[in-house]
1. Quick one: which of Leu88, Leu64 is in contact (Cβ under 8 Å) with a residue 12 or more places away in the chain, out of contact with any Gly (no Cβ under 8 Å at 6 or more places or on another chain) and either among the β-branched types (Val, Ile, Thr) or under 20 Å from Lys2 (Cα atoms) (or both)?
2. Filter the range 103-112 for residues that are assigned to a helix (DSSP H, G or I) and not basic (Lys, Arg); which is modelled with the lowest pLDDT?
3. Just to be sure I understand, how many residues within the range 36-90 are among the charged types (D, E, K, R), modelled with pLDDT under 85 and at negative phi?
4. When residues of the range 38-83 are filtered for being over 15 Å from Glu99 (Cα atoms) and exposed (fewer than 15 other Cβ atoms within 10 Å of the Cβ), how many remain?
Amino acid sequence: MKNIIIGFGALLIIVNSLSGFVFEFYNPFNVILVDVSIILSIILYLLLSKKSIVDGFKIGFSVLFSIIGFVRIILAAILPNQINDNFLLIIFIFLVCIEFFLVFTGTALKNK
């Protein structure tokens, strides 16, 4: 399962990076941010598969992470090409923090 997650993620990164080279309107900032988002999703799925979490949490988190990951990729693709005063970037970072918080909360609940 881990190899499938890594392989699919690598394929998505390659397709995204090639799209950045082909399409003129696709900014390098957005390409890098989408790649980072895909890498974060891979890391989260691998953490989820390695941690000893209740199966119900794993299923729920997998669905939730898929939805949030899709939202993160859309946000990363449409973000303005600036760091200052970028509200969408704040939302992007907030979604990443929520996902990591959920993984560690699910792990902490398993230990109780």
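The values are calculated or read from the model by the stated rules, or taken from the named source; none is laboratory data. Values in this document were obtained by computation on a predicted structure and should not be read as measured data. Here the Cβ positions follow ideal geometry from the backbone for every residue, glycine too, while neighbour counts run over all protein chains shown.
1. Numbers: Leu88 fails: either among the β-branched types (Val, Ile, Thr) or under 20 Å from Lys2 (Cα atoms) (or both).
Matching residue, one of Leu88, Leu64: Leu64.
2. If we filter the range 103-112 for residues that are assigned to a helix (DSSP H, G or I), which is where we start, we get 103-110.
Still in the running and not basic (Lys, Arg): 103-109.
Details: Val103: 84, Phe104: 84, Thr105: 85, Gly106: 82, Thr107: 80, Ala108: 81, Leu109: 77.
The qualifying residue modelled with the lowest pLDDT is Leu109.
3. Taking the range 36-90 and keeping what is among the charged types (D, E, K, R), we get 50-51, 55, 58, 72, 85.
Imposing the further condition that a residue be modelled with pLDDT under 85 reduces the set to 50-51, 55, 58, 85.
The next check asks that each one be at negative phi; those that pass are 50-51, 55, 58.
Counting residues in the range 36-90 that are among the charged types (D, E, K, R), modelled with pLDDT under 85 and at negative phi gives 4.
4. As a first pass, look at the range 38-83 and keep what is over 15 Å from Glu99 (Cα atoms): 50, 52, 54-56, 74-83.
Now restrict to residues that are exposed (fewer than 15 other Cβ atoms within 10 Å of the Cβ): 50, 52, 54-56, 74, 78, 80-83.
Counting residues in the range 38-83 that are over 15 Å from Glu99 (Cα atoms) and exposed (fewer than 15 other Cβ atoms within 10 Å of the Cβ) gives 11.
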